[in-house]
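Chemist: Attaching a single structure in structure tokens format; questions to follow.
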Amino acid sequence: MKASNRFLLATHFVQARWRWKHIRGTALERYQELHAQRIVAYAAQHSLFYSSHWAGHSLQDWRTLPTVDKNLMMEHFDAFNTCGIKRDQAMEVALEAERSRDFRSMLNGLTIGLSSGTSGHRGLFLANSWEQAAWAGTILARALHQLPRKRIRVAFFLRSNSNLYEQVGGKLIQFRYFDLMLPLAEAVSALNNFQPHIIVGPASLLGFLAEESKCRHLVNKPERLISVAEVLEPQDQERIEETFNAPVHQIYQCTEGLLAVSCVKGSLHIQEDVVIIQLEALPGSDGERVIPIVTDMWRSTQPIIRYRLNDVLQMDPRPCSCGSTFRVIRAIEGRCDDVCYFESLAGGARPFYPDTIRRMILLANPDIADYQAVQERCGHLRIHLSKASRAQFGEVAQSVLASVQTTVAQYGCRPAEVSIEEGLGPSKPGMKRRRVQARWNHPIRTM
């Protein structure tokens, strides 16, 4: 890393630590309003898409501007970004990096990245050197929790590497990227040699490593694990923490920016000094579940303003014992596309959220090791189960069936059409795990 970049990263690191401790209340509101007005004005002047998208609207009232989403961004990518980057050209660079597994390529001095596309829509992101340093400095300040007294080794497992991630390496941190597609035995061997203090990776990968630790194949004893890219479900977190005797924290990040990071107490705080997140109640949820609408206060190459995500969140209204007033996400349930529906006795369809599906399966029998639930039409549910070796599949399946029908009845719905199969279905290499999937054109998807 160039000396100038190291200085910039260190500056952002110090600033991020200061903001975390000192900006709150009305000071945070003023900070957000100032930076939001600034990025909105910049986007209106430099992005052809936004200047057209906001025609006839008051930029001062930016919180009510028309929203955007991934489909809209990708459809108008050429006009969306402010650097004259063409979508086809950026996609070619990103796909070549995926094929060659060499992620150092840049385009006009910009880092190009490709999202993994679990929603079926690939997303491109752009970042200039300032944005890379800002991200790296902030992620270090928030994820490390305290200034390290020794050099920390971090193992980072993801589908693809990026110049963005490489910015994290330096005198404080020895960063090593591990390809998520590396065979598990090779990954375990490499971890035993590297002996990282922190392991970062998807929840499913951390679960596999926990099993390898139980079998004494993995002898590395990390001080902390950080889950990224997938929903971290409570039963997985508990099992991984128990195996490693170390906390499992989270970083909630996507193509649209750095959204939330776990504090030292384990609470997942929205990064309110980086992004402004407006919360939109999910239809039919009585306000308990919300969809985030994101405005990134920093990104100018690819402005993210009033960007509606497809995630379902539960917020925690209680103050965190760490002392920060940044809002806390209690749970990331999954995507709103993965809300399932069952026929209500009163007519119409009633939504069942991923957390409800998870609980009615997992709480049915203690011998369930893992599961997948797929809905292909209203009232239907296909469940794949992985069980403990000692258990009889028939008994486990029967208890799950009873739990599903009881839960559905409790919510005033007709009996579900349920099929239960032994073994988990195959997943595409490199794709994020989704335990609950709705594969049909349900009402929320068509709103």
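Chemist: Highest mean first, how do 290-301, 90-101 rank when packing is the count of other Cβ atoms within 10 Å averaged over residues?
Modeler: Going from most to least packed, we get 290-301, 90-101.
Chemist: Further, regarding this structure: Mind grabbing the accessible area of Trp20 for me, 1.4 Å probe, Å², rounded to tens?
Modeler: Answer for Trp20: close to 60 Å² accessible.
Chemist: If we restrict to alpha carbons, what Rg and Dmax does the range 146-285 come to, in Å?
Modeler: 15.8, 51
Chemist: Calculate, for the chain, the solvent-accessible area per residue in square angstrom, rolling a 1.4 angstrom probe over the heavy atoms of the protein chains.
Modeler: 46 Å²
Chemist: Okay, next question. Of Cys340, Cys83, which has the most accessible area with a 1.4 Å probe, and how do the rest follow in descending order?
Modeler: In descending accessible area the options line up as Cys83, Cys340.
Chemist: Ordered by residue, what ³J(HN,Hα) values in Hz, to whole numbers, does the range 262-276 give under the Karplus form 6.51 cos²θ - 1.76 cosθ + 1.60, where θ = phi - 60° and Gly and Pro are x?
Modeler: Values, residue by residue: 6, 7, 5, 8, x, 7, 8, 8, 4, 7, 5, 8, 10, 10, 9 Hz.
Chemist: With the calculation restricted to Cα positions, what are the radius of gyration and Dmax of the range 238-333 in angstrom?
Modeler: 14.3, 43
Chemist: How large is the convex hull of the Cα atoms of the range 1-141 per residue, expressed in Å³ as a whole number?
Modeler: Hull volume normalised by residue count: 147 Å³.
Chemist: Provide the gained length on full extension for the span Ala79 to Ser419, in nm with one decimal, where the gain is 0.36 nm per separating residue minus the Cα-Cα distance.
Modeler: That works out to 117.7 nm of additional length.
Chemist: Largest first and in whole Å, give the semi-axes of the range 174-214's equivalent ellipsoid, each being the square root of 5 times a Cα gyration tensor eigenvalue.
Modeler: Ellipsoid half-lengths, sorted descending, are 14, 12, 11 Å.
Chemist: What number of lysine-lysine pairs in the chain show an alpha-carbon separation below 29 angstrom, given a sequence spacing of 8 or more or placement on distinct chains?
Modeler: Going through the chain pair by pair, I get 27.
Chemist: Out of residues 5 or more away from Val436 or on other chains, whose amide H comes under 5 Å of its own, with H placed 1.01 Å from N in the peptide plane?
Modeler: Amide H to amide H, under 5 Å and 5 or more residues apart or across chains, Val436 pairs with Ala373.
Chemist: Same structure, new question: Tell me the net charge near Gly257. Cut-off is 15 Å between Cβ atoms, Gly257 excluded, with +1 for each Lys or Arg and -1 for each Asp or Glu.
Modeler: -2
Chemist: On to the next question. Please report, in whole Å³, the volume per residue of the convex hull around the C-alpha atoms of the chain.
Modeler: It comes to 152 Å³ per residue, whole-number rounded.
Chemist: Project the alpha carbons of the range 257-387 onto their principal axes and report the range along each, largest first, in whole Å.
Modeler: Result, largest extent first: 45, 32, 29 Å.
Chemist: Kindly provide the helix-only [θ] at 222 nm of the chain, computed as the sum of -39,500 (n - 2.57) over DSSP H runs of four or more divided by all residues, to the nearest 500 deg cm²/dmol?
Modeler: -10500 deg cm²/dmol
Chemist: If Lys70, Lys86 are ordered by their accessible area, calculated over protein heavy atoms with a 1.4 Å probe, which sequence runs from highest to lowest?
Modeler: Lys86, Lys70
Chemist: Continuing with the same structure: Treat the range 312-404 as a sphere of radius equal to its Kirkwood radius over Cα pairs and apply Stokes-Einstein at 20 °C in a medium of 1.002 mPa s; give the translational diffusion coefficient in µm²/s, rounded to a whole number.
Modeler: The estimated diffusion coefficient comes to 139 µm²/s.
The values are calculated or read from the model by the stated rules, or taken from the named source; none is laboratory data. Note that the coordinates shown come from a computational prediction; the quantities given were computed from them, not determined experimentally. Here the Cβ is made from the backbone with ideal geometry for all residues, glycine too, and neighbour counts use every protein chain on show. Protein only, heavy atoms only, side chains kept; ligands, DNA and RNA dropped before computing areas. Shrake-Rupley method; radii C 1.70, N 1.55, O 1.52, S 1.80 Å.
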